[in-house]
């Protein structure tokens, strides 16, 4: 302080001004600067550069700019100091204006000048301007500047310029390789990133932790990740040397589902930062563990950021975790994170997974700056919760606010349209997909094929499939799924054979589809062939293949083979248990189904909705009313399984078949959900069997309201009126069918002879062996007519 007073006493204001910057007293500095201006003295470049740096760091940019104009013969260093200040404070326009003034003053910029300009580029145009200046003034071989340009171009997604800068660079070091790999990973060019890494290895460049961290993000094969992990351990970059590299290794293992390996890396870290704890939450085994780790971070005062919050919110789902989700929502509100768009997007998804779409919508409506991901989260939430109209309205709102739908938007809205079987919506979205240029995207094509299939538009699915240039296994699976929705099981088999005979890839999903078609067609021969093929290709141990094989053998009546597959399956595979229970149910083997149900908890598993659907189906096929009622009431109390429509349908079916129509109607009335068309059809069929015209009329009216095009309600009611002698009502029904152009679908059956499937329809005479078939039928009929009276009365008791 004494030396400062001495300088002021000697009128050395420039030196006093520089000295005052070290005292970090802005008022004192401003006072000395006023004395300096009053003295009409001039600053030399050395003093000016120091003062400009000081004032720009404290955010006083106007004062820093004023100092520049009071500098005598400012040089490059002085201009760089102010450009750096503008860059530090994100002032793009003033920085470039000062650079122009710099050039007009006849001074030559150096690498510091260009480096500051590269940092402040906020879009592609200024980056290209700086790039041209770098080349024009001969800095094209400066690795430091080229690295900055590569980083800037990659930030704006201009990978062509990134590659050009990299390829034209004549001098390489480890930094430029690391920046190049990081740019590829940032823009999803993972193959390119791995290629650059391999080139770097082949040329013998030394790796650093930053390069290895970048390449970890490009790994899409866990074996590659393990090799890089081993290399990092070998050269000593882990276990405390580089925290961010340890974080990258942990995240890599988490991305491939190797949670135990990720936890091992986390436990070996001597120090952990917010990225470490964020990654640890991401690899939590369930939502409870994820929330407990987050709570531990809060209690211990660890730093958290928006990525930590997004990770913990992604774990929260279901009504049982809703309270925890609301607690996190409160923390977000208190800490001011509700202004962060990505956090709000995660909050919308959390409420959607917890079946609280009203809360999700409120979060969305209160967002300051919703983006396309916000709209996608909302639309996807409505889709998950079967709120089709709301999803369509949200999609329209997104379009009205001029947000461009992306791949995720279109797949969600296609799923909504397919679930409600609305062909017109699917066709309109198809047109929009073509208009937006997504028609060549594999995921969109697959969703379109599936959507048309669900809407019974199999011809459109076939047309789309035939227009694909390079058919991949995902396209085949989508087409097989469309055939499955439309009941075209023979077409699934044809598709599989073409694929297999062409030596093209198939996967587990393809096998499952083909096995399902074998079960639907009762094609035991092909089912066994595919079983052998699954064993040969080593996919028979997959839990879905196991369950599909059990289903095939059950539907073909080979319960012993189904039991053999089950015995060879993994004990902890609930899917296989459910498949065998469903197989027993088809044959009314209630005791065997119930025996499996009691054994499931012994193997550490809990029965689910499918398990109880099989149990109730077995009760229905066996006519066990009391057992069906018991399981419907006890499924929630014993195992926490909430009954759904399918479970109630089984109970209504068994009550209807046993003639307890009043109890069946009472069960429908007491259901906690709205009955669908299938339940009313079950009740109508029971009324038809037992001749209850009053209740049948009610059921037919409900069925007609839900499915006006369903011909079964007209046929069943016609039969019911006819059995009751109500011929006027029969004529009126047939007149109504004619007016509405409702046609009864003809009955059909099929039989497989060797490799051929033969289909037969009612009153059909188109089969090539028609004459021989009818001759055999007449022969069988004559034999039946010649049966003794006592045998005839024996068979009559089975007539329904």
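The residue that is modelled with the lowest pLDDT, counting only those in region 66-76 that are assigned to a helix (DSSP H, G or I) and buried (at least 17 other Cβ atoms within 10 Å of the Cβ), is 67.
I need a count of the residues in region 199-239 that are loosely packed, with under 15 Cβ neighbours inside 10 Å and within 25 Å of the chain's Cα centre (by Cα).
Taking region 199-239 as the starting set, the residues that turn out to be loosely packed, with under 15 Cβ neighbours inside 10 Å are 199, 201-204, 206, 220-221, 223, 227, 230-231, 233-236, 239.
Next cut, within 25 Å of the chain's Cα centre (by Cα) only: 220-221, 223.
Adding up the residues that qualify gives 3.
Just need a number here: residues in region 152-198 that are farther than 23 Å from residue 132 by Cα, assigned to a helix (DSSP H, G or I) and under 26 Å from the mean Cα position of the chain (by Cα). The total comes to 8.
Residue-level check: of (1) modelled with pLDDT under 90; (2) in a helix (DSSP H, G or I), residue 304 misses just (2).
For (1) farther than 30 Å from residue 289 by Cβ; (2) out of contact with any helix residue (DSSP H, G or I) (no Cβ under 7 Å at 6 or more places or on another chain); (3) at pLDDT 80 or above; (4) in the same structural domain as residue 308 (by TED's automatic domain parsing), each residue gets a yes or a no:
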residue	(1), (2), (3), (4)
171	yes, no, no, no
174	yes, no, no, no
188	yes, yes, no, no
211	yes, no, no, no
261	no, no, yes, no
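Looking across region 755-786, the residues that are in a strand (DSSP E or B), surrounded by 10 or more Cβ atoms within 10 Å (Cβ to Cβ) and without any contact (Cβ under 8 Å) to a residue 24 or more places away in the chain come down to 758, 759, 760, 761. Residue count for region 122-134 under the criterion of being in contact with a helix residue (DSSP H, G or I) (Cβ under 9 Å, 6 or more places away or on another chain) and either assigned to a helix (DSSP H, G or I) or modelled with pLDDT of 85 or more (or both): the result is 9. For region 288-323, which residues satisfy the criterion of being in contact (Cβ under 8 Å) with a residue 24 or more places away in the chain and more than 25 Å from residue 272 (Cα to Cα)? 317, 318, 319, 321, 322, listed by residue number.
Please find, within region 240-278, the residue that is farthest from residue 189 (Cα to Cα) out of those that are assigned to a helix (DSSP H, G or I) and more than 28 Å from the chain's Cα centre (by Cα). So, considering only residues that are assigned to a helix (DSSP H, G or I) and more than 28 Å from the chain's Cα centre (by Cα), the one farthest from residue 189 (Cα to Cα) is 267. In region 370-448, counting only helices (runs of 4 or more DSSP H) that sit wholly within it, the ones holding 2 or more residues that are closer than 24 Å to residue 355 by Cα and at pLDDT 90 or above span 372-384, 388-400, 407-419.
The values are calculated or read from the model by the stated rules, or taken from the named source; none is laboratory data. None of these values were measured; they are calculated from a predicted model. Virtual Cβ from ideal backbone geometry, glycine too; neighbours counted across all protein chains shown.
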